[in-house]
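Here is the structure we will look at, set down as structure tokens.
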Amino acid sequence: MTAFIEGLLSGGEAYAPPAATFNWFGIPDHDEWVADALADPLDWWHSQAAAIAWDRVPKTTFTGTMDDPHWFPDGRLNVTVSCLDRNASSHPHAIAYEFVGEDGSERTITYAQLLARVCQLANALRLDGVVGGDRVCIYMPLSIEGIVAMLACARIGAIHSVVYAGLGATALCDRVDDAGATVMIVGDVTYRRGKAIDLKSIVDDAVTRLPQIRRVIVWRREAGTLVDDREVDFEAYCDQQPATCAPVIVDAEHPLFILYTSGTTGKPKGVVLPHGGYLVGCSTLLRLTTGITPDDVYWCTSDIGWIVGHSIMVYGALANRYRIVLREGSPDFPNTSVVYDVIARKRVTKFYTAPTLARMLMRFGPANAEAHDLSSLQAMFCAGEPLNPEAWHFLYDVMGRGNAPVCNQWWQTELAGPSIGYLPTDTIRPDRSGKPFGPLRFSIRAADGTVLPANQGGLLVLETPAPHMFCGVWGDKSRFASYFQQIAGVYTAGDVSTIDDDGSISVLGRADDVLKVAGHRLATADVESALVSHPACGEAAAIGVPDEIKGEVIVVFVILRVGHTASDALANELIAHVRREIGPIATPKSVEIVAKLPKTRSGKIMRRVLRAQHLGMDLGDLTTLDD
């Protein structure tokens, strides 16, 4: 069996940037930008650090190695000064967040108001005994209050750990235990599809198993009662506190947060990011790769429970003084036009979303988008998992009408800022993920570490340290070290990829999702993209199942687009379509048409769950599965 991934699908399409893009985006040539940065990466990062508010400006940029990194080790700061104080001082009335509820309710908060509320909660926490280095678990819906909770912890040097609101009591307990948190800030409900989803009962269940929790601060939107003597009301806790609170200045390497990844099995992994390097890296790469400015209306459809929410809805966005739209609830409720409604009404200029949402909109067809004025859109960005060309075309042709570049981006929880992708001024290839950003250098390796030639698929590795890269796994040094031991001296990302002659990278999916059919190693993304190119297929997931002759055969699960009906004839047509698009080796054994696919709450398809269901195996850890 060949040891490498076979790159099968390449549409050969390339789209030049709209001419108007050069009027607002500041990097005209991606390759020159990267070459300049790579000429002296540490000098480049040192110059970017000047955009951050330091209490003691660092003289040293980096010491150590990739598996023992120390960024700006002699610097001191508190991230909230960059995110809040300087913006509240220079632009107190500038809007930080525009919150939109699923019921149509709206609320805005300025930078001055946000700073004041953060200080009130910070003072309350400090009065309650929370000190620097303490861990605080945040279990709140996408809301201004959830962001206030994050920033208030940072303000006093406490370490926050946001757990996505909706994960079950066992998952919540595991993360609280692992972090050693003693205080929780929680919400009683979140709103989804017109219903109040009970979060408080999950918290109550978890807290009975967590005797170490001494305080639970409850943000109440319903008329629930406090049931435990450890509980206090969020509003009452904050309201009488002073609206000023001096930031606790910490070393640049002081942990800012722990974020647990939505892994597939086993013990939760607490990725640690520090104040200094993280803020420099995520704010720099967000600003430079998107061209977003304080004059834009910027909507990111992620959640504070994920790294995208941390980096480009909170810390990176606030450090750049962005005006950020938040929307709680389902993106297809109360109707399938709600995404377009928000863009048109708010005049959103930059839109950051996930391939899952793009494919959902595509399933509903183009009519909803065509009925709305989306002319404010200047650019769209996608991250989370591979963006198939058909979904790219929907965003570009239907939502952007050819006037807004659609830029794929790739990064991970461990790499907490945009790392590979397209710039708005690039010529974009819809079937590629893009090129490295700034002074980041990637290569494709075989399992033994050999650098593979162009167009040969293998493991994606990062060869250069980056300040926005995780600096540890909480309480587990060996797990952190393992990322750098698979191939010595580099960071192995866990994704399979190819790189073209011109340096364009295609991230094809997780290494665990590789299909091995009759001596050929195929990426699930190739098979799934072929399926979604059929007019009846809205979403697809491919898995490999054991076969005595071929080793594995391909089974696919498909969600149909609106207007199409499941039938054996259609399933056979989809099988034939994959064979025609890719070739005989990728022909699925069967197609199952389903109503939904198992996904994490961040929208990633859980193919291992499909495989376990299909084979009658144990489903494993389902704590991150979206209901």
Practice task
Kindly indicate whether any position in region 273-287 is in a loop (DSSP other than H, G, I, E, B) and either touching a residue at least 12 places away in the same chain (Cβ under 8 Å) or acidic (Asp, Glu) (or both).
Solution key: no
Requested in this report: Tell me, yes or no, whether region 462-478 has at least one residue that is in a helix (DSSP H, G or I) and modelled with pLDDT of 85 or more.
Outcome: yes
Counting only residues that are over 14 Å from Asp295 (Cα atoms) and either touching a strand residue (DSSP E or B) at 6+ places or on another chain (Cβ under 7 Å) or surrounded by 21 or more Cβ atoms within 10 Å (Cβ to Cβ) (or both), region 320-339 contains a total of 6
Note on region 184-207: residues farther than 18 Å from Asp174 by Cβ and part of a loop (DSSP other than H, G, I, E, B) are Asp188, Arg193, Gly194
Of Gln113, Gln120, the only residue that is free of Cβ contacts under 8 Å to residues at least 24 places away in the same chain and surrounded by 14 or more Cβ atoms within 10 Å (Cβ to Cβ) is Gln113
If you go through Gly489, Gly417, Gly402, Gly438, the only one that is on the phi > 0 side of the Ramachandran plot, surrounded by 18 or more Cβ atoms within 10 Å (Cβ to Cβ) and assigned to a loop (DSSP other than H, G, I, E, B) is Gly438
Sole miss for Ala446 among (1) within 19 Å of the chain's Cα centre (by Cα); (2) surrounded by fewer than 22 Cβ atoms within 10 Å (Cβ to Cβ); (3) farther than 28 Å from Lys350 by Cα is condition (1)
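So, in region 449-468, exactly how many residues are surrounded by 20 or more Cβ atoms within 10 Å (Cβ to Cβ) and closer than 26 Å to Ala16 by Cα? Give the steps one after another, and end with the answer.
Keep residues of region 449-468 that are surrounded by 20 or more Cβ atoms within 10 Å (Cβ to Cβ), which gives 457-462, 465-468.
Next, only the ones that are closer than 26 Å to Ala16 by Cα stay: none.
Final tally of qualifying residues: 0.
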(Q) Please determine whether any residue of region 208-226 is in a helix (DSSP H, G or I) and touching a residue at least 60 places away in the same chain (Cβ under 8 Å). (A) no
Counting only strands (runs of 3 or more DSSP E) entirely within region 1-110, those with at least 1 residues that are of a type in the set (Phe, Trp, Tyr) and under 23 Å from Tyr278 (Cβ atoms) are 62-65, 68-71, 95-100
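The values are calculated or read from the model by the stated rules, or taken from the named source; none is laboratory data. Owing to the predicted nature of the structure, the values given are computational and were not obtained by experimental measurement. Glycine gets a Cβ as well: all are built from the backbone with ideal geometry, and neighbour counts include every protein chain shown.
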